[in-house]
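Engineer: First, the structure itself, so that you have it in front of you.
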């Protein structure tokens, strides 16, 4: 396995770990590293295309999970903010008539 493919695999595994811990800062850093490894992979001429394809498919699955989890987290924040705003409005009405 080439060094580039190994780095992509290690980054993918680290992304899975960071996702499990919901460590968004680490995910952001790993995403940047992954982009760099991808550029290296595209520029490396002596790369095993089958191994690269398999690595990229696995990485794509991780990114799908990341998108699903991030979307769920975002929706949870939206719901929480909505509840906070409703509570604020209720408190304003209470103070007006209380």
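Engineer: It is to be established whether one or more residues within region 84-97 are at pLDDT below 90 and outside any helix (DSSP H, G or I).
Structural biologist: The answer is no, given that none of the residues of region 84-97 is at pLDDT below 90 and outside any helix (DSSP H, G or I).
Engineer: For region 62-72, name all the residues that are loosely packed, with under 12 Cβ neighbours inside 10 Å and either within 21 Å of residue 34 (Cβ to Cβ) or touching a helix residue (DSSP H, G or I) at 6+ places or on another chain (Cβ under 8 Å) (or both).
Structural biologist: 64, 67, 68, 71
Engineer: Inspect all residues belonging to region 1-16 and state whether any of them is surrounded by 14 or more Cβ atoms within 10 Å (Cβ to Cβ), in contact with a helix residue (DSSP H, G or I) (Cβ under 9 Å, 6 or more places away or on another chain) and not in a helix (DSSP H, G or I).
Structural biologist: yes
Engineer: Taking residue 29 and the conditions (1) under 30 Å from residue 2 (Cα atoms); (2) exposed (fewer than 10 other Cβ atoms within 10 Å of the Cβ), which numbered condition does it fall short on, given that it satisfies the others?
Structural biologist: Status for residue 29: all satisfied but (2).
Engineer: Any chance you could count how many residues in region 46-55 are touching a helix residue (DSSP H, G or I) at 6+ places or on another chain (Cβ under 8 Å) and either at pLDDT 95 or above or closer than 22 Å to residue 31 by Cα (or both)?
Structural biologist: Qualifying residue count for the region: 4.
Engineer: Restricting to region 25-55, and then to whatever is touching a residue at least 40 places away in the same chain (Cβ under 8 Å) and part of a helix (DSSP H, G or I), can you tell me which residue is farthest from residue 71 (Cα to Cα)?
Structural biologist: For region 25-55, the residue satisfying everything is 51.
The values are calculated or read from the model by the stated rules, or taken from the named source; none is laboratory data. Fair warning: this is a prediction, and the values are worked out from it, not measured in the lab. For neighbour counting, all protein chains shown are included, and Cβ atoms are generated from backbone atoms with ideal geometry for every residue, glycine included.
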